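Down below is the structure, laid out as structure tokens.
The values are calculated or read from the model by the stated rules, or taken from the named source; none is laboratory data. As the structure is a computational prediction, the values presented were derived from the model and not from experiment. Backbone-built Cβ (ideal geometry, glycine too); neighbour counts: all protein chains shown.
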Amino acid sequence: MSNNYNLFDVLRSVLKWKKNIIAISFLAALGTAVYSFFFMDNFYQATTEFYAASPDLAKPEPVGLSSNNRDFYGRDEDIDRILSLAESSHVTSYLIDKYNLYEHYDIDTSHVKAPFFVAKKLAKLYQVTRTKYGAIRMSLEDKERTLCATMVNDARDKVNSMAQSLLKDGQRIQISRFEDNIKSKENEIRMLGDSLQRLRSKFNIYNTSTASEVLPELFAKAKSKLIRSETKLRLLAEANVPRDTLIYLKSEVEGLKDEVSGLNKSLETFNKGMSIIEVLTIQHQESRGQIALDKERLKQLQAVYNSNFKALYVIEAGAAPVVKSRPGRTILVLGVAIIAFVFSVLGALLLEAYRDINWKEVLDAN
């Protein structure tokens, strides 16, 4: 019974003050409506969504290899990199300078904290988030419909340009390394060529594979012919043939001996120089093959560096919004009216609860 009685008292107090409560709630709602309609500006939000592209797209095709395993969409670290760029001060500074946001946001540029104020204002209107599907959503609010769409698209393009610049910086370093490596290889090839030329002139070897086949064959033939001629000379000398014939055979034998001796010296010289010439020849060929690959790789890197490769895949470009994003005037008016109603009820209950107290006596007693 006590609870019912207390609840009845509360209801009776509220009904007693109902006109005041209704009046206060109505005035609060009316004031909020007037303020929101006449003093609060409409804001419009434009949004663009995109995926991060894989850095593999900025790499040239592998020379002589398949590129089937290349990724087209970025991984988590690539998405994080794009998010970091989108949230960096480079983007906000770019928007502030390009669109003169000091004047647009009515910020006094002579104030010492003007850069802080304009950056803080833009930070409230500019948002970058990652969706549950791995895309990046970039949103920007402004009082002008078309301006917010233009700015958000421009911010996205700036992020794309910055991402490309990061990759191009890496490519520039790679190109410089390849150029230095090619110069070093060219010097090495030039030195190997000079060394080969000197050794070939010294040992009279110009083709090791051909010389290794021809010289032993010539030596064997000359040696065999010498043996035959010596045998023939010995037999004819025993047979008392004419002296002119023997003189001819002796001169032939001496000539063959000189030929065999010369071929033998050539073989000795060839054996001394063959190994080092073969080693230098292999190094020379390998270096020329490697520099050909490096030059082809350099051409591909330069082609990619000079191209406008994608750093982002745009899903949805920012469009001029039709409906405002805020303020929600109806919700605002209803919210203020409900708050005013609640506080009015509480005020009425307090007044009813303490109306019989003589506050003068309480104050005098203290």
_Pair list, Cβ < 6 Å and 6+ apart or interchain, from the stretch 179-201 residues that are not assigned by TED's automatic domain parsing to the domain that holds GLN283 to residues that are of a type outside the set (D, E, K, R) and loosely packed, with under 11 Cβ neighbours inside 10 Å_ = none
*Quick one: count up the residues across the stretch 135-158 that are in a helix (DSSP H, G or I) and of a type in the set (Ser, Thr, Tyr).*
2
*asked:* Looking at ILE339, ILE331, ILE315, can you tell me which residue is under 30 Å from LYS158 (Cβ atoms) and at pLDDT 80 or above?
replied: ILE315
*Inside the stretch 102-134, can you point out the residues that are in a helix (DSSP H, G or I) and among the hydroxyl-bearing types (Ser, Thr, Tyr)?*
TYR102
*asked:* Between ARG177, ARG172, ARG130, which is modelled with pLDDT under 90, touching a helix residue (DSSP H, G or I) at 6+ places or on another chain (Cβ under 9 Å) and of a type in the set (D, E, K, R)?
replied: ARG172
